[in-house]
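Student: This is the structure I have questions about; it appears just below.
The values are calculated or read from the model by the stated rules, or taken from the named source; none is laboratory data. Here the structure is a predicted model, which means the values were calculated and not measured. Note: ideal-geometry Cβ built from the backbone for every residue, glycine included; neighbour counts use all protein chains shown. Accessible surface areas use protein heavy atoms only, side chains included; no ligands, DNA or RNA. Shrake-Rupley method; radii C 1.70, N 1.55, O 1.52, S 1.80 Å.
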Amino acid sequence: MAKKAKEKSEEKQEPAPVPRLQTMYVKEIVPHLAEKLGRQNRHSIPKLEKIVVSMGVGSAIADKKHIEEATSALAEITGQKPVRCKAKKSIAAFRLREGLDVGAKVTLRRARMYEFLDRLISLALPRVRDFRGLNPDAFDGKGNYSLGLTEQLVFPELNPDKYLRVQGMNITICSSSDSNDESRELLRSFGMPFRRDGDAT
């Protein structure tokens, strides 16, 4: 009986829906980039590889609750358990001891990566105060893009009554291309709101 019940429950489980941006990449962005870059081999088209979301919590030196709050917020934002980052060396002037938790990070790949990027573009960035577009030149020379957010509450899934302390974060988007220009075009195709030339800074 138990075996039959298990088989029925497995039959009822439907595969998870494909993220909107993942479908968009396959159907729209790949043909667009192939034409723009003059590529026929689809495997040479730039693609997203991972997104790293990290929070530095220097205040955790004085209060360990801060690292707990940051870890909890990061888990809610990304839907994945964060990894805590420890201090690599002791610095007496900052009361920092080697091995102390001073931050947390999450590395997103595949479906969760696309879901996070979708929420970042469509929900979080429009909620940033006085937002005038992202810096289109914040690439590292190897096709990876980084941006910083000053507060975590731009993500609507966080309850402002629970997270009272402002906590910033850094987001790094890594692509398969070593070219800044190709990666910029890839992110722009996803709808990343880069600042245009002549826009206010």
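Student: Count, please, the residues in segment 123-155 that happen to be outside any strand (DSSP E or B) and either surrounded by 12 or more Cβ atoms within 10 Å (Cβ to Cβ) or among the polar types (S, T, N, Q) (or both).
Tutor: Result for segment 123-155: 20.
Student: Here's a follow-up. In segment 130-171, which residues are hydroxyl-bearing (Ser, Thr, Tyr) and either closer than 18 Å to His66 by Cα or in contact with a Leu (Cβ under 8 Å, 6 or more places away or on another chain) (or both)?
Tutor: Tyr145, Thr150, Tyr163
Student: Go through segment 45-98 and give me each residue that's of a type in the set (Gly, Ala, Ser) and modelled with pLDDT under 85.
Tutor: Once the filter is applied, which keeps residues that are of a type in the set (Gly, Ala, Ser) and modelled with pLDDT under 85, segment 45-98 yields Gly56, Gly58, Ser59, Ala60, Ala62, Ala70, Ala87, Ser90, Ala92, Ala93.
Student: To continue, here is another question. Scan Gln22, Gln40 and give me the residue that is surrounded by 13 or more Cβ atoms within 10 Å (Cβ to Cβ), farther than 21 Å from Val154 by Cα and of a type outside the set (Lys, Arg).
Tutor: From the options Gln22, Gln40, the qualifying one is Gln22.
Student: Restricting to segment 155-201, count the residues that are farther than 15 Å from Arg132 by Cα, touching a residue at least 24 places away in the same chain (Cβ under 8 Å) and of a type outside the set (D, E, K, R).
Tutor: Here the count works out to 22.
Student: Show the residue pairs that are 6+ apart or on different chains and have beta-carbon atoms under 9 Å apart, the first residue being within segment 115-142 and more than 19 Å from Val18 (Cβ to Cβ) and in contact (Cβ under 8 Å) with a residue 40 or more places away in the chain, the second being assigned to a helix (DSSP H, G or I) and open to solvent by 70 Å² or more (accessible area, probe 1.4 Å).
Tutor: Matching pairs, first to second residue: Pro136/Arg188; Phe139/Asp181.
Student: Return the pair list, or none, for Cβ contacts closer than 8 Å from residues in segment 21-39 that are more than 14 Å from Arg188 (Cα to Cα) to residues that are open to solvent by 30 Å² or more (accessible area, probe 1.4 Å) and in a loop (DSSP other than H, G, I, E, B), at least 6 apart or on different chains.
Tutor: Every condition considered, the pairs that remain are Ala34/Gln40.
Student: Next question, about the same structure. Could you list all residues from segment 165-188 that are more than 15 Å from the chain's Cα centre (by Cα) and over 15 Å from Gly143 (Cα atoms)?
Tutor: Listed by number, the residues that qualify are Arg165, Val166, Gln167.
Student: A further question follows. Residues Thr150, Thr107: which one is within 17 Å of Pro82 (Cα to Cα) and free of Cβ contacts under 8 Å to residues at least 60 places away in the same chain?
Tutor: From the options Thr150, Thr107, the qualifying one is Thr107.
Student: Check whether at least one residue in segment 175-186 is open to solvent by 40 Å² or more (accessible area, probe 1.4 Å), touching a helix residue (DSSP H, G or I) at 6+ places or on another chain (Cβ under 7 Å) and either in a loop (DSSP other than H, G, I, E, B) or on the phi > 0 side of the Ramachandran plot (or both), and report yes or no.
Tutor: The answer is no, given that none of the residues of segment 175-186 is open to solvent by 40 Å² or more (accessible area, probe 1.4 Å), touching a helix residue (DSSP H, G or I) at 6+ places or on another chain (Cβ under 7 Å) and either in a loop (DSSP other than H, G, I, E, B) or on the phi > 0 side of the Ramachandran plot (or both).
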